[in-house]
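**Student:** Take this structure, written in structure tokens, and hold onto it; I'll ask about it next.
Every number in this text was worked out from the coordinates using simple rules, so none of it is lab data. Everything numeric here is computed off the predicted structure, so don't read it as measured data. Note that we place each Cβ from the backbone using ideal geometry, even for glycine, and neighbour counts take in every protein chain shown.
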């Protein structure tokens, strides 16, 4: 994990596949697990289906964050440690595509709403 301190503005699960998925997601803040859960997501009705995970950490606190995810039926985790190069506030997109998980950080300043600003029941 990097020694960078950023704010984590949320995690959004995105499904580009034609079938439903269950994804294990883990968020660590300063080495402590602040979110650990399995999230189900429907297939998209158009291009992508999205789901916001519960923001169980202090989104105003700059800390060393990492996000890890894996498909429920797989053993290998994909992990992304956030660093300051991505901006002082970032959110993470967890993408299900081509039978794999991809993680991407987004700068909060580039979006009108970040995932933690939306209700956790929000899905599209």
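**Student:** Counting DSSP beta bridges in the chain, what percent are antiparallel, to the nearest 5?
**Tutor:** Percentage antiparallel, nearest 5: 85.
**Student:** Rg to Rh ratio, the chain, alpha-carbon atoms and Kirkwood radius?
**Tutor:** 0.94
**Student:** Right, another one. Rank the residues 8, 13, 103 as a footprinting-exposure proxy: fewest other Cβ atoms within 10 Å of their Cβ go first.
**Tutor:** Starting with the residue having the fewest Cβ neighbours, the order is 103, 13, 8.
**Student:** Follow-up question, since we're still on this one. Label points 7 Å out from Cα along the Cβ direction at residue 84 and residue 22: separation in nm?
**Tutor:** Result: 4.1 nm between the two label points.
**Student:** Let me ask you something else. Cut-off 16 Å, label point 7 angstrom out along Cα-to-Cβ of residue 77: give me the residues of the range 23-45 whose amide nitrogen falls inside.
**Tutor:** 23-39
**Student:** Further question on the same structure: What percent do you get for the relative contact order of the chain when only Cα pairs under 8 Å and 6+ apart count?
**Tutor:** For the chain, the relative contact order is 34 percent.
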